[in-house]
Structure formats: structure tokens, C-alpha cells
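Following: one structure in C-alpha cells, then a few remarks.
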Amino acid sequence: MTPVTVITGGSRGIGAATARRLATAGHHLTLGYRRDQATAEALATDLRATGVQVTAVCADTRDPDQVAALFEAAAELGPITGLVNNAGITSPIGSFVDLRLDDLREVVDVNLVGYVLCAQQAARRMGEGGAIVNISSVAATLGSPGEYVHYAAVKAATDTLTLGLAKELAPRGIRVNAVAPGIIRTDIHALSGQPDRPERAAGRIPLGRPGEPDEVAAAVAWLLGPDASYTTAAVLRVGGGL
Ligand code: NAP
């Protein structure tokens, strides 16, 4: 049976790199995105050339109705077997005392409420067997002082979500794991106000450089695939030693 996988935030960055990996591995895909329809559609067209079915769906993961519609669209490709909970944001980089309430709420809504809503849809729709990968961050255990402590706290919640869901869904053969990227070259840093953050951080990364989205995608693809058949409740760090 062909795997059918939903990737939230599949239009850019780590989500798009994961989509490329999974298409090559033969997954039918539904790519969720929030704003950038042109980029999402262009990627979907590209991936169809590999012979798999790909749909791009505009769905804000904060909204339960839009999340339901995202999974409805995926179910048209066949029984859903996988979810990559990836759509995430940071806030403008800054000190904790200056954190704005709106930014705090948005980080919680996208990175936690959105992950829960998507995992619920996946768990309801998967039969016996399947795999969920939550994209966490090394921030969960480093704390991100002076940058975005609230984001780090929410990523720690992602790790706990992973642990609890893995145990609750294990009797149905559904594996749940997390990947915790370090500092990866994507647009997320420009959106947080510091496009050059990966380069500036290189000196404090043990491997001496930021990571590439495809290096994270490789871990996600492994966790979704049959070689990870006995791996659940794991948080796999892909951070160059961070
Ligand atoms: P990115 O390049 O900024 O891409 C973010 C993706 O999420 C885009 O596809 C965006 O869609 C989508 N998105 C954002 N908010 C959304 C919402 N409310 N509903 C639906 N889609 C939404 O980010 P990235 O660096 O690839 O990050 C992916 C994940 O990795 C995030 O969970 C992030 O926290 C985590 N992470 C990243 C790094 C890093 O250094 N890059 C490190 C650790 C963890 P549109 O383009 O349509 O807005």
C-alpha cells in the first residue's frame, strides 16, 4: 500500500525538504501551507514528476475546521499513514521582558495548538499502524535565552506531546517521534528579524556550521519509514552537536 503523508508547513524550509525526500521514497503527499500558495503549488507540481500524487492545501493549523479540511484532502489520496507536524513560527528575537502578548499567543497557537489539532486528526483517521513525526527544536533543552524563551518552552511541550502520544497510540501500532533540529538554514530566521543568525551562530555549533533542511528531512524520513519500526517516543537531535 502506498503511504499517504500530510506535511504541515510543507511549502518551504524543512517541510519542503521533507516533501522532496518522501516523494522520492514513494509517499503520496498533502502539503499544508498558510500564505504562500505559489511556492506550495510549484513544489507540488515538481514532486508529481516523481510519479506520486501531491496536493497543496491552504490550511492554517490554528483553525480546527481548516485542519479537518487538510486531512479530508489527504484522505482522497488513500488511507492516511503519516503526519509531519512541522508548521511553526518563532517571534521577533528579543529579550523576555519585551515579549508581546500577541507574539506569545501566536507561538502557542501555531506550535502547540496546531500540532495537537493535526495529531488528533491523524490519530482519528489512521487505522492500525502509522507514524507521526513532530518537529521540535534543540531550543526545548537549551532554553533560547535572549532570543525566544517562550518558543523554547513550547518546543519542550512538543517533546512531552510526543512522549504521551507515543504511549497512548502504541497499542494501535502508531509510532510517534520528534526531530529536534539545531540551527538550520531556512527563512524562519529572517522572519524572526535576523536573516544572518545561522552564519553568526556557526562558532557555537560543535560541528562548526548551520544545518541544511535536507539533513533534517533525512531524519524525518527515517522515522516515518520501516527501518524505524521499533522506534517510538524518541526525540532525535539533529543539531550538529547543539
Ligand atoms: P519556515 O521556513 O519559516 O517554514 C515554515 C512553514 O510553516 C511554511 O510552510 C509556512 O507556510 C508554515 N506555517 C507557518 N505558520 C503556519 C500556520 N499557522 N498554519 C499553517 N502553516 C503555517 O520554517 P522552518 O525553519 O522550515 O521550520 C519548520 C519547523 O522546524 C518549525 O516547527 C520550527 O519551529 C522548527 N525548527 C526550525 C529550526 C531552524 O533553524 N530553521 C530549528 C529548530 C526547529 P507559509 O509559507 O504559507 O506561511
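The values are calculated or read from the model by the stated rules, or taken from the named source; none is laboratory data. All of these numbers come straight from a predicted model, not from anything done at the bench. Using ideal geometry, Cβ is built from the backbone for each residue, glycine included, and neighbour counts are taken over all protein chains shown. The protein model used for the area step is the full one, side chains on, heavy atoms only, and it has no ligands, DNA or RNA in it. Shrake-Rupley method; radii C 1.70, N 1.55, O 1.52, S 1.80 Å.
For Gly32, the amide hydrogen comes within under 5 Å of the amide hydrogens of Ile7, Thr8, Gly9, Gly10, Val57, counting only partners 5 or more places away or on other chains and with H modelled in the peptide plane. Report summary: the helix-based calculation at 222 nm, which adds -39500 (n - 2.57) for every DSSP H run with n ≥ 4 and divides by the residues of the chain, gives -12500 deg cm²/dmol. Based on the reciprocal of the average 1/r between different C-alpha atoms, the Kirkwood radius for the stretch 63-166 equals 14.6 Å. Normalised by the number of residues in the stretch 4-238, the average gap of Cα pairs under 8 Å and 6 or more apart makes the relative contact order 20 percent. If a paramagnetic tag sat 7 Å from the Cα of Ala218 along the Cα-Cβ line, which residues of the stretch 175-190 would have the backbone N under 18 Å from that point? Output list for this probe position: 179-186. Going by amide H atoms built from the backbone, whose H comes under 5 Å of the H on Ile183, apart from near neighbours? Residues meeting the criterion, in which the H sits 1.01 Å from N, are Gly211. Under the membrane-span-like helix rule (DSSP H runs whose alpha carbons stretch at least 24 Å along the helix axis, mean Kyte-Doolittle hydropathy 1.0 or higher), the chain yields none. For the chain, the share of alpha carbon pairs falling in successive 5 Å distance bins from zero is 1, 7, 15, 20, 21, 17, 11, 6, 2, 0, 0 percent. Compute the longest continuous run of the chain that contains no exposed GluC sites (Glu not before Pro); treat a site as exposed when its DSSP state is not H, G, I, E or B and it has at most 14 other Cβ atoms within 10 Å. Result for the longest clean stretch: 129-242.
Accessible surface of the chain, 1.4 Å probe: 55 percent of it comes from carbon and sulfur atoms.
Please work out how much length the chain gains when fully extended from Arg200 to Thr160, using 0.36 nm per residue of separation minus the C-alpha to C-alpha distance, in nm with one decimal.
Value of the extension gain: 11.4 nm.
Protection proxy ranking for 203-209, 48-54, using the average of other Cβ atoms within 10 Å per residue and placing the highest first: 48-54, 203-209.
In a DSSP loop and with at most 11 other Cβ atoms within 10 Å, there are no chymotrypsin sites (Phe, Trp or Tyr not before Pro) in the stretch 86-160. Can you give the alpha-carbon Rg of the stretch 129-218 over 2.2 N^0.38 Å, where N counts its residues? Ratio of Cα Rg to 2.2 N^0.38 Å: 1.22. Think of a 1.4 Å ball rolled over the protein heavy atoms: the chain then has 44 Å² of accessible area per residue. Taking amide hydrogens as placed 1.01 Å from N in the peptide plane, the amide H of Arg175 sits under 5 Å from those of Gly130, Ala131, Ile132, each at least 5 positions away in sequence or on another chain.
A Förster distance of 35 Å, applied to the separation of the beta-carbon atoms of Arg35 and Met1, puts the FRET efficiency at 0.55.
Summary of the geometry: the stretch 117-155 and the stretch 217-242, compared by the centres of their Cα atoms, lie 13 Å apart.
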